[in-house]
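Undergrad: One structure, as C-alpha cells, below. Some questions next.
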Amino acid sequence: MNRKNAPAIKDAVEFDITLKPYEKFTLDNGIPVYVVKSDEQDTLQLEMIFPAGSWYEQESQIAAATNFLMKNGSSQHSALQINESIEYFGAYLNRNSFHENATYTLHCLTKHTAQLLPLLQEVIQDPAFAGEELAIYQQNMKQRLAVNLQKCDFVANRYIDKYLFGDFHPYGRVSTMMAYDALQPESLHAFYQKHYTYNNCKIFVAGHLPDDMIPMLNKYFGATKWNGESALLRPELPIQIADEKRHRIFNDENGVQGAVRVARHFPNRYHPDFPKMLVLNTILGGYFGSRLMSNIREDKGYTYGIHSQLYNFRQTSALNIQTEAGRDVCEATIEEIYKELARLQQEPIPAEELSLVRNYMIGTILGDLDGAFQVIQRWKSLILNDLDENYFYNNIRVIKTITAEELQHLAQQYLTPSEFYELVVI
Amino acid sequence: MIHYNKFTLANGLRVIVHEDHTTPMAVLNVLYDVGSRDEEPERTGFAHLFEHLMFGGSVNIPDYDEPLQMAGGENNAFTTSDLTNYYVQLPAENIETAFWLESDRMLSLAFGEKSLDVQRKVVIEEFKEHYINKPYGDVWHKMRQLAYSTHPYRWMTIGKELSHIETASLADVKAFFFKYYRPVNAILVAAGKVTTEQVKALAEKWFGDIPAGEKYQRQIPVEPPQTAAHKLEVKANVPLDALYKCYHIYPRQDKRYYAADLVSDILGGGSSSRLHQVLVKEKKLFSNIECYHFGTLDAGLLTIEGKLVKGVKMKDAEKAIQEELSKLQQTVIPERELQKVKNRVESLLAFEDMSLLNRANNLAFYELMGDAALMNTEFENYETVTTEDIHREANIIFNEKNSNTIYYYADNQI
C-alpha cells in the first residue's frame, strides 16, 4: 500500500441522481397536499404555505408581523395556552415569512399528530391579533434591531440589498423602528384575511404519516372554505438601483473588522444562464476549496471565511460575495476579489478543478436528497416556483456537462469588476 | 434504537460501525479525546488552533480537501472544551477516500510553517468576528473567569487572549499532535451504506499500522465548590442592559445532570417556559430571556441570560428572575409540566437521530463517555426524573452562594 496514492473513486458523472416522486392529494375544498413518505423514523413534518410574504405588503413589516402573531393567541385560547399545548407534545411549530411566501411548519412525533392538528387549525384559522401581543412584539423587535444595528455584517446586508434593489422594493426594504411603531392590529388582521385563505394554501407533508392523515387533514383544513376566497394579484414591482457603486460606511469607530460585500444583479432562475452560474459561483466562492477561500483565507489569512452566493429570489437574482475581514485588510480583500473575478474571465478553468467541482456538487446534491424531509424541500422549491422535475434534472445535466469554455464565457459576461457594487461597513 | 457493531484495533483505536442501507451516503467521524480543558493556562486556544492545522496537509497527502471534494465529499470539524471532532460525508462508494485521508493525518501531519502562519491569522479573525466585534461578544470570556477559579473551563475554547494564538510555535504543534492525536486517544465511527466487514477491512488497512501512542493521564484540577456569590459589573458600548446569571451544575455523567437539564428546559425551553412567560410576556421586564447549558463532560454552568426592556432597572429585573427561581424552590412543579419537558427531550432525540451525521457524531460522543450503548438508554435517564428531583435540584443549584452574575450595562443610549 502506498499512502501517496489515492484510492480509486467513482466519478460524479456516473452517479444516477433521482428525485423521489411525491404523492399528491387534494382536500375536499381543493387544497393541494404534496406528500413524501418514509416510514423509517417516527417523525413527521407538515408545512402550510401561503403567498403572504413581504412582496404583498403595503406597509413595511406587516407580512412578518402577521405571520409571527398568528401563533400568539386565538379567539379561544391565549398564546400561553396554545404554546403550552403544542410544547406538551414535544412538537415544534415554527413560522417564517419570506419575500414571496409565509409558512407554518409543524415538526412532531407521528404518534402525536392527531392531538396537534386541531391546534394548528386554530393557529391558522382563528388568530386574534390582540393589541397587547402586538405591543410586546413591537417592543422586542425594536430592541433586537437596536442590537443588530451594532453588527457590521447585519448593517452591510441591509445596505447591499438597498443598492441592488432600492428602498421601496421588497428585496431592498429594511426593518426600521418607525415601521415597527406603525403596525396596527387592524392592518395585521386585514393582511391575514386577504392572504391566509383556503384557496391560497398549499400543504407539504413528509416523514412517517399516520394512516388516517388525509382524512384528518380534510377534517381540519378541507371541510370548509375557511377565510373565504381571495384572489391575489402579484404585481411586478420595478427595482430601483443605486447609481453610485462604491460605498464605505463607518458604523462603529472601534470596529476591528469590516463587513465586505461585492455584488451585482443577475437574472432569475428561469434564465438559461442561472444553472450555469450555479457552477461558476461554486468555483468562485461556493465551497471550501473555492477560489476566494483558497486565496483570501487559506493563503492570505485575511478572514475566517469568504463566500459567494446566488440569491434565490423570484423576480430577479444577484451574485453576492461576502466576508468579514480584518479592519486593515478590507481594501486588500476587495482587491483580491477583483483579481479572482478577472482570473475567471482571462483563464479557462483547469480540467482537474472543473472535474472536482462537478464531483463536489453532485456529491452534495446526493447528500441533500437523503431523507424525506430533504426531498420535500426540493419539491417545494420547484412547485412554489411553478417548475417541475425537468428543471432539477436540467441543473444536474449542466453540472455534469458544462465546459471550461462556457464557464469562461459566462465569467466574461457577468464577472466584470466594474459592474459590481462594493461596500465595506466597519 | 441505533444499531451498531464495535471493535478495537491492535493499536487501541476504537471503531464503531452503524449500518444504514436506506441512504446512498456514508459518514466517517473521528473523535480525538482532547479539548481546551487539556490546555495549559498560558497556552489557551491551542486545541482549536490545532483543529485548523489538521487541514494543512498530512505526511503523504499535501492537501486534505481537494481529494475529498473530488470524491464528492464534504467535511468539517469542531472543537469544544472537552473534545475535537472531525467528520466527512460522501457518497458511500467513495468511503475509502475518507479512510485514506483520515488515517494519513492520524499517522502524521506535514507540519508546514506556512499553514501555521496562515491559520494563526485565520483563527485571530475568527476570534475577532465572534468575540470582539459583536455586541456582548466578550461576556463568556468574563463569565468563565468569574465562575471558575481553578478548572480549565475558565477560558474559552477559542482561547483566553489573542497573544496565546499569536505565539504558538511549530514545536508546540508537534508536541501536541504526538501527545493527543494517537489511535489510543481516538474513536472512529463509520456510518451509512457500509458493512461491518468492509469497515473492518478498511480500518485494518488504513489505520492498523499507525503507532498506538501513549494513553495520557488526564489530570484536570478540580473546581472547588463555590462558597460565595460572584458579581461583576461591566459597562460597554451596547444598546441595551443585559443580565447574565450562571450556576454550577453537574458533570455530564452524574445522575443529577438530567434533573438539572430538565430544570433549564422548565425555565427556558420554548414559548411556554416559565421565564419567557412571566418575564417577557406578563411583567415585560425582558425583551428576551433564555436558560441553557452546554452539556460539558465536567461540571458546567446553567445559564440564565436576558436583555432588559429599556427603562427597566437591573435590580428589578434580577429580583424578578429570583422570584421565578424561588417558586421552583418552594413549590413542587405540576406533573404535566415535568411531562412536557420530558416529551420535548423525547422529540428532540428523535429529530437528532434522523440525520446520519448526528448519529455518527453521537455514537462517538457516547463512546467517549464510556460506551456507545449509552446512546440508546439516554432517554430512560430523563424518564426517571421526578417532580421531587426537580424540587430538590432547584434548591441546590439556585443557592445564592452558587451564583455568578454579570450586570452588563449599556454606556450609551439607542
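The values are calculated or read from the model by the stated rules, or taken from the named source; none is laboratory data. What you see is a predicted model, and the numbers here were worked out from it, not measured in a lab. Cβ placement follows ideal geometry from the backbone for every residue including glycine, while neighbour counts extend to all protein chains displayed.
Undergrad: Counting only residues that are among the hydrophobic types (A, V, I, L, M, F, W, C), closer than 29 Å to B:P224 by Cα and modelled with pLDDT under 95, give me the helices (runs of 4 or more DSSP H) lying completely in region B:138-180 with at least 2 of them.
TA: Here the list reads B:162-166.
Undergrad: Residue under question is B:D82, and the condition is that it be assigned by TED's automatic domain parsing to the domain that holds B:L101, among the acidic types (D, E) and farther than 30 Å from B:G295 by Cα; does it hold?
TA: So B:D82 fails the test.
Undergrad: Of everything in region A:297-315, what is surrounded by fewer than 17 Cβ atoms within 10 Å (Cβ to Cβ) and either in a helix (DSSP H, G or I) or among the polar types (S, T, N, Q) (or both)? Give them in sequence order.
TA: Of everything in region A:297-315, those that are surrounded by fewer than 17 Cβ atoms within 10 Å (Cβ to Cβ) and either in a helix (DSSP H, G or I) or among the polar types (S, T, N, Q) (or both) turn out to be A:Q309, A:N312.
Undergrad: Going by the conditions given, is A:K300 of a type in the set (K, R), over 18 Å from the mean Cα position of the chain (by Cα) and away from chain B (no Cβ under 14 Å)?
TA: no
Undergrad: Of the conditions (1) more than 9 Å from chain B (Cβ to nearest Cβ); (2) touching a strand residue (DSSP E or B) at 6+ places or on another chain (Cβ under 6 Å), A:F250 fails just one. Which one is it?
TA: Going through (1) more than 9 Å from chain B (Cβ to nearest Cβ); (2) touching a strand residue (DSSP E or B) at 6+ places or on another chain (Cβ under 6 Å) one by one, A:F250 breaks only (2).
Undergrad: Separate question: Quick one: is A:V123 out of contact with any strand residue (DSSP E or B) (no Cβ under 6 Å at 6 or more places or on another chain) and without any contact (Cβ under 8 Å) to a residue 24 or more places away in the chain?
TA: no
Undergrad: Shifting gears a bit: Go through (1) within 30 Å of the chain's Cα centre (by Cα); (2) modelled with pLDDT of 95 or more; (3) at negative phi and name the single condition A:Q41 misses.
TA: So the condition that A:Q41 fails would be (2).
Residue by residue, here is whether (1) surrounded by 14 or more Cβ atoms within 10 Å (Cβ to Cβ); (2) touching a His at 6+ places or on another chain (Cβ under 6 Å); (3) aliphatic (A, V, I, L, M); (4) modelled with pLDDT of 95 or more holds:
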site	(1), (2), (3), (4)
B:L297	yes, no, yes, yes
B:K313	no, no, no, yes
B:A317	yes, no, yes, yes
B:A320	yes, no, yes, yes
B:D353	yes, no, no, no
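Undergrad: Take region B:35-87 and flag every residue that is away from chain A (no Cβ under 14 Å), among the aliphatic types (A, V, I, L, M) and surrounded by fewer than 24 Cβ atoms within 10 Å (Cβ to Cβ).
TA: Hit for region B:35-87 is B:L83, nothing else.
Undergrad: If a residue must be farther than 30 Å from A:N199 by Cβ and either more than 14 Å from every other protein chain (Cβ to nearest Cβ) or buried (at least 17 other Cβ atoms within 10 Å of the Cβ) (or both), how many such residues does region A:118-138 contain?
TA: Of the residues in that region, 2 qualify.
Undergrad: Those residues that are more than 14 Å from chain A (Cβ to nearest Cβ), surrounded by 20 or more Cβ atoms within 10 Å (Cβ to Cβ) and β-branched (V, I, T), I need them from region B:136-159; list them, please.
TA: The answer is B:T157, and nothing else.
Undergrad: Tally up the residues in region B:2-19 that are in a strand (DSSP E or B) and either aliphatic (A, V, I, L, M) or under 24 Å from B:R105 (Cβ atoms) (or both), please.
TA: 8
Undergrad: Can you find, within region B:100-135, the residue that is modelled with the highest pLDDT among those that are of a type in the set (F, W, Y) and either buried (at least 21 other Cβ atoms within 10 Å of the Cβ) or outside the structural domain of B:A186 (by TED's automatic domain parsing) (or both)?
TA: Filtering region B:100-135 for residues that are of a type in the set (F, W, Y) and either buried (at least 21 other Cβ atoms within 10 Å of the Cβ) or outside the structural domain of B:A186 (by TED's automatic domain parsing) (or both), the one modelled with the highest pLDDT comes out as B:W100.
Undergrad: Follow-up. Take the residues in region B:196-220 that are in contact with a helix residue (DSSP H, G or I) (Cβ under 9 Å, 6 or more places away or on another chain) and more than 27 Å from B:D38 (Cβ to Cβ); name whichever of them is surrounded by the most Cβ atoms within 10 Å (Cβ to Cβ).
TA: B:V199
Undergrad: Determine, yes or no, whether A:I383 is within 21 Å of A:A263 (Cβ to Cβ), surrounded by 15 or more Cβ atoms within 10 Å (Cβ to Cβ) and either of a type in the set (A, V, I, L, M) or at pLDDT below 95 (or both).
TA: When the stated conditions are applied, A:I383 does not pass them.
Undergrad: Right, another one. Could you list, in sequence order, all residues of region B:281-295 that are of a type outside the set (F, W, Y), surrounded by 14 or more Cβ atoms within 10 Å (Cβ to Cβ) and either within 14 Å of another protein chain (Cβ to nearest Cβ) or farther than 21 Å from B:M156 by Cβ (or both)?
TA: Of everything in region B:281-295, those that are of a type outside the set (F, W, Y), surrounded by 14 or more Cβ atoms within 10 Å (Cβ to Cβ) and either within 14 Å of another protein chain (Cβ to nearest Cβ) or farther than 21 Å from B:M156 by Cβ (or both) turn out to be B:K281, B:K283, B:K284, B:L285, B:S287, B:N288, B:I289, B:E290.
Undergrad: Exactly one condition in (1) in a helix (DSSP H, G or I); (2) within 14 Å of chain B (Cβ to nearest Cβ); (3) of a type in the set (F, W, Y) is not met by A:F274; state its number.
TA: Single failed check for A:F274: (2).
Undergrad: Here's something else I'd like to know. Would you please list the contacts, defined by Cβ atoms under 7 Å and residues six or more apart or on different chains, that run from a residue in region B:106-134 that is over 12 Å from B:K174 (Cα atoms) and touching a residue at least 12 places away in the same chain (Cβ under 8 Å) to a residue that is among the basic types (K, R) and in a helix (DSSP H, G or I)?
TA: B:V122/A:R297
Undergrad: Do we find a residue being free of Cβ contacts under 8 Å to residues at least 40 places away in the same chain and either crowded, with 17+ Cβ neighbours inside 10 Å or farther than 30 Å from A:L410 by Cα (or both) anywhere in region A:235-246?
TA: yes
Undergrad: Would you pick out the residues in region B:320-366 that are within 12 Å of another protein chain (Cβ to nearest Cβ) and without any contact (Cβ under 8 Å) to a residue 24 or more places away in the chain?
TA: The answer is B:R336, B:Q339, B:N343, B:S347, B:L348, B:A350, B:F351, B:E352, B:M354, B:S355, B:N358.
Undergrad: Taking the stated definitions as given, is A:V256 of a type in the set (V, I, T), within 30 Å of B:L162 (Cβ to Cβ) and touching a Phe, Trp or Tyr at 6+ places or on another chain (Cβ under 9 Å)?
TA: No: the conditions fail for A:V256.
Undergrad: May I ask you to verify whether B:S149 is assigned by TED's automatic domain parsing to the domain that holds B:N85, more than 21 Å from the chain's Cα centre (by Cα) and over 30 Å from B:E93 (Cβ atoms)?
TA: Taking the combined requirement at face value, the residue does not satisfy it.
Undergrad: Same structure again: Can you find a residue that is within 21 Å of the chain's Cα centre (by Cα) and either among the hydroxyl-bearing types (S, T, Y) or within 13 Å of another protein chain (Cβ to nearest Cβ) (or both) anywhere in region B:311-318?
TA: So far as region B:311-318 goes, no, none of its residues is within 21 Å of the chain's Cα centre (by Cα) and either among the hydroxyl-bearing types (S, T, Y) or within 13 Å of another protein chain (Cβ to nearest Cβ) (or both).
Undergrad: Can you find a residue in region A:131-153 that is within 22 Å of A:G73 (Cβ to Cβ), touching a strand residue (DSSP E or B) at 6+ places or on another chain (Cβ under 7 Å) and in contact (Cβ under 8 Å) with a residue 40 or more places away in the chain?
TA: Among the residues of region A:131-153, not one is within 22 Å of A:G73 (Cβ to Cβ), touching a strand residue (DSSP E or B) at 6+ places or on another chain (Cβ under 7 Å) and in contact (Cβ under 8 Å) with a residue 40 or more places away in the chain, which makes the answer no.
Undergrad: Considering only residues that are part of a loop (DSSP other than H, G, I, E, B), at pLDDT 95 or above and within 14 Å of chain A (Cβ to nearest Cβ), which ones fall in region B:206-237?
TA: Within region B:206-237, B:G208, B:D209, B:I210 qualify.
Undergrad: Do the conditions hold for B:S169, that is, is it closer than 30 Å to A:N251 by Cβ and without any contact (Cβ under 8 Å) to a residue 60 or more places away in the chain?
TA: Answer is no for this residue.
Undergrad: Among the residues of region A:326-344, which ones are surrounded by fewer than 17 Cβ atoms within 10 Å (Cβ to Cβ) and in contact with a Leu (Cβ under 9 Å, 6 or more places away or on another chain)?
TA: A:A342
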